[in-house]
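What follows is calculated from the coordinates using simple rules that are stated; it is not laboratory data. Small disclaimer: the values here were computed from a predicted structure and weren't measured. Backbone-built Cβ (ideal geometry, glycine too); neighbour counts: all protein chains shown.
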Amino acid sequence: MKIALALGMSPQEAQFARQLGLRYVVGNLPANPTGYLALDDLLRAREFWARHDLSFDVIENLPTPHYYKAMFGLPGRDEQIEHVATTIRNMGKAGISVLQYQWMLLGGLRTDFSPTGRGGAHVSRFDWEVAKRAPIAAMVWRSGPETLIHSPDRELSREQVWDNLTYFLERLVPVAEEAGVKLAAHPDDAPIPSFMGVGRILTSLEDLQRLVDTIPSPNNGLGFCQGTIATMAGVDMIEAIQRFGRQKKIFFAHFRNPRGQVPSFDEVFPDEGDTDMLAAVRAYREVEFDGVIRVDHSPGTVDDPRMERAFAFQVGYFKGLVDAAELLDAAHDSDQGGN
Amino acid sequence: MQLALTLDPFQDANLLFAQQLGADQVMADVSGWDADTLSAACNRIRQGGLQVAGVESLPPSLYARAIAGETGRDEEIAEVCRIIADLGRLRVPLLGYRWTLAAEGDAASVPGRGGTTSAVYTAGGGSADVAAGQLWQTLAYFLQRVLPAAERAGVRMAYQAGLPTTGAEGLDSVAGLERLFALAPSASHGLDLDHGLFAGMSDDEMVSVIRHWGQQQRIFAVRVRYLDRTADGLQERFLDENRLALFRALQAYQAVGFTGPLRPARSPEMDDDTSWGHKGRAFGLGYLRALFQAIA
């Protein structure tokens with residue numbers, strides 16, 4: 001499996017990934033005032049990582065300023081969509097094959113980040129009751145209001161938000177097909193159906209199915225954020241991997257293992273969450289998932305301001321699971337061969 | 001098997017590190033040997049919800065005369081027995097010891113994966129520093145006095161072999177360790193098995209060594225690292241660079257019913273890491289936790 005970290009473009013971060021034995025990286029480019037990602041910038045990023053022997057095949061986030069009018073259905077969305085089309089074409093030319101985007105009009109939601117985890121590790125938490133009482137607090141991600149770029153000035157039903165997404169995809173999926181780029185929709189984290197009167201539409205497996213069925217195309221699929229999907233009420237994570245993996249709709253994945261589901265959950269270490277992560281790795285292998293999977297959020301550990309220890313642990317854990325799954329399957333195959 | 005870390009329990013940050021990254025047990029790396037220090041070490045570990053797997057290693061300086069067979073060794077041995085009795089009262093189940101006055105070995109540095117700094121051990125710090133005949137006599141004298149104390153205290157003594165850099169047929173070889181256990185038969189005497197011993201062995205040989213001592217209940221603790229035998233010596237690498245061997249070793253420990261502490265040693269040194277190697281150890285803990293899960 002193609003295990004990656006999300007990194008900034010610095011030699012130090014590249015070295016960190018290489019020392020952990022990784023070959024893949026994902027990342028972002030900053031929002032561009034032109035409204036699209038320039039071919040030169042994309043090529044420069046790919047070449048930078050290639051020089052460090054890391055393959056850069058996934059844009060983690062389409063910059064929100066590039067398409068927020070499309071998300072909200074605001075005047076000017078057609079111009080933004082045309083610019084996103086340019087981004088997609090440029091990615092195709094640069095050989096970057098997956099564009100992840102999200103359709104969270106009000107961003108990601110967490111209500112707490114406190115030393116309540118294992119050994120006092122700092123753990124992020126979502127609690128719907130808290131979010132209802134103090135919505136603005138739920139938009140504060142960890143240390144600052146990073147996602148507080150839109151304030152809802154009106155209510156939007158789920159169907160209105162679906163209409164906006166459908167409008168976006170109808171225009172861009174054909175572009176993606178032509179450019180050889182896969183559009184990967186990240187589910188709404190936290191997966192609650194609406195927030196502050198604004199619908200959140202990718203918050204159940206049925207929603208994810210509706211997304212891929214809306215515009216049937218090999219280029220329309222999922223940024224399969226395991227952490228988010230695991231926290232959808234009632235979801236069996238392994239079945240979810242099998243369901244969307246068999247449809248070849250997992251274009252990119254996030255490896256994370258929270259504890260709990262909506263209405264509340266904690267982002268604990270990956271070896272103590274609710275999902276059997278070895279079974280998850282085996283499910284990805286069973287459906288022959290061949291995309292990049294990135295090690296996602298981690299609890300914050302002691303004396304680790306850049307979270308390198310926490311991520312070294314997570315990479316070690318994930319690699320161990322993948323190695324073990326491969327070795328167990330190889331042993332099984334050779335047993336079969338002997339019979 | 002229990003996932004463990006060797007650390008100084010008087011450093012709070014390292015105890016938290018172990019707790020947060022999911023270690024089950026600690027091998028206490030202490031530098032004071034009076035009852036109060038040992039008691040405080042145990043309390044600190046247990047307060048955080050971790051178990052005391054043992055005390056990492058009795059420093060050979062405490063029993064240098066016993067190793068050399070010099071006058072004064074009986075006083076040293078009495079002190080070792082006192083420490084063992086204190087550990088027993090503190091319910092510390094394991095005490096590591098060595099039989100050499102040398103350090104681990106001379107190490108050079110070469111580049112490892114991704115530009116890490118990787119140690120290459122070029123000469124053993126094993127038992128070669130004591131003339132072979134005398135080594136066995138002094139060791140037998142020591143064990144015949146210390147092991148009964150260990151049995152009374154309920155503390156198991158775990159011999160920590162030096163690296164087999166020279167390939168010598170001394171104590172720190174499979175045959176030598178066999179002879180060690182014959183010196184003073186006791187169920188309280190076993191091995192702190194360092195995977196450095198397996199450097200240069202085939203995986204099948206490694207598994208048969210684990211089975212052999214595991215079936216005899218001689219494996220008390222395990223220290224996991226990957227030392228690759230090269231032309232220059234034994235080069236440390238990351239655990240996942242020899243994944244099949246490690247996986248087979250863990251399966252073998254599981255199969256022989258090993259229930260003791262297993263801990264990652266230092267990895268190649270990553271950029272901007274501490275001298276203790278927090279990042280490399282974090283990687284090792286995560287990797288081992290996953291393999292534990294897979295063989296359970």
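Remind me, relative contact order of chain B in percent, using alpha carbon pairs under 8 angstrom and six or more residues apart? Over chain B, the number comes to 17 percent. Annotation for the range B:251-296 versus the range A:148-222: alpha-carbon center distance of 42 Å. The sum of -39500 (n - 2.57) across all DSSP H runs of n ≥ 4, divided by the residue count of chain B, sets its helix-only mean residue ellipticity at 222 nm to -13000 deg cm²/dmol. The distance between label points at B:Asp12 and A:Tyr68 comes to 4.2 nm (points 7 Å beyond Cα on the Cα→Cβ vector).
Amide H to amide H, with H built 1.01 Å from N, A:Lys182 comes under 5 Å of A:Val98, A:Leu99, counting only residues 5 or more places away or on other chains.
I'd like the antiparallel share, as a percent to the nearest 5, of DSSP beta bridges with both residues in chain B. Walk me through the numbers before you get to the answer.
Working: 15 of 41 bridges.
Roughly 35 percent of the beta bridges in chain B run antiparallel, per DSSP.
At R0 = 56 Å, how high is the FRET efficiency between A:Asp53 and B:Leu101 if r is their beta carbon distance? Nearest 0.05 is fine. About 0.80, to the nearest 0.05.
Quick one: compute the contact order of the range A:2-338, relative version, from alpha carbon pairs under 8 angstrom and 6+ residues apart, as a percent. It rounds to 16 percent for the range A:2-338.
Which residues make up the longest stretch of chain A that has no GluC sites (Glu not before Pro) in a DSSP loop with at most 12 other Cβ atoms within 10 Å? With a cap of 12 other Cβ atoms within 10 Å, the longest stretch comes to A:1-145. For chain A, hydrophobic long helices are taken as DSSP H runs at least 20 Å long by C-alpha position along their axis with mean Kyte-Doolittle hydropathy of -1.0 or more; these are A:77-94, A:158-179, A:308-338.
Close amide H partners of A:Asp296, meaning residues 5 or more places away or on another chain with modelled amide H under 5 Å apart, are A:Phe255.
Counting only DSSP beta bridges whose two residues both lie in chain A, roughly 30 percent are antiparallel.
When A:Ser217, A:Ser334 are ordered from fewest to most other Cβ atoms inside 10 Å of their Cβ, what list results? Show your work: numbers first, answer last.
On the way: A:Ser217 15, A:Ser334 9.
Ascending number of Cβ neighbours within 10 Å: A:Ser334, A:Ser217.
Between B:Asp232 and A:Asp41, the distance separating the two model label sites (each 7 Å from Cα on the Cα→Cβ line) works out to 4.3 nm.
Cross-link reach is defined here as a Cα-Cα straight distance under 20 Å, omitting same-chain residues fewer than 8 places apart; for A:Lys319 the lysines meeting it are A:Lys2, B:Lys279. Two decimals, Cα atoms only, Kirkwood Rh: what is Rg/Rh over the range A:195-339? Taking Rh as the inverse mean 1/r over Cα pairs, Rg/Rh reads 1.01.
Normalised by the number of residues in the range B:1-120, what is the relative contact order in percent for Cα pairs under 8 Å and 6+ residues apart? Can you show the working numbers first?
Working: 161 pairs, mean separation 25.0, N = 120.
For the range B:1-120, the relative contact order is 21 percent.
If you take the C-alpha gyration tensor of the protein assembly as shown, multiply each eigenvalue by 5 and take the square root, what semi-axes do you get, largest first, in whole Å? Each step should come with its number before you reach the end.
Numbers: eigenvalues 588, 123, 85 Å².
Output for the protein assembly as shown: semi-axes of 54, 25, 21 Å.
DSSP beta bridges fully contained in the protein assembly as shown are about 35 percent antiparallel.
Can you tell me the alpha carbon radius of gyration of the range B:137-274 divided by the globular rule-of-thumb value 2.2 N^0.38 Å?
Taking N as the residue count of the range B:137-274, the ratio is 1.10.
Spin-label pair A:Arg246-B:Thr37: with each label point 7 Å from Cα along the Cα-Cβ axis, the two points sit 6.4 nm from one another. Phi-derived couplings, Karplus 6.51 cos²θ - 1.76 cosθ + 1.60 at θ = phi - 60°, listed residue by residue for the range B:171-182: 4, 8, 9, 4, 5, x, 5, 4, 5, 4, 6, 7 Hz, with x used for Gly and Pro. Put one equal scatterer on each alpha carbon of the range B:2-295, apply the Debye formula with no solvent term, and list log10 I(q)/I(0) at q = 0.08, 0.10, 0.13 1/Å to two decimals. Calculated log10 I(q)/I(0) at the listed q: -0.32, -0.52, -0.91.
Divide the volume of the convex hull of the Cα atoms of the range A:2-338 by its number of residues and quote the answer in cubic angstrom per residue. Display every interim value, and only then the final one.
Values: hull volume 46.6 nm³, N = 337.
It is 138 Å³ per residue.
Calculated FRET efficiency, B:Gln144 to B:Gln215, Cβ-Cβ distance, R0 = 22 Å: about 0.30 to the nearest 0.05.
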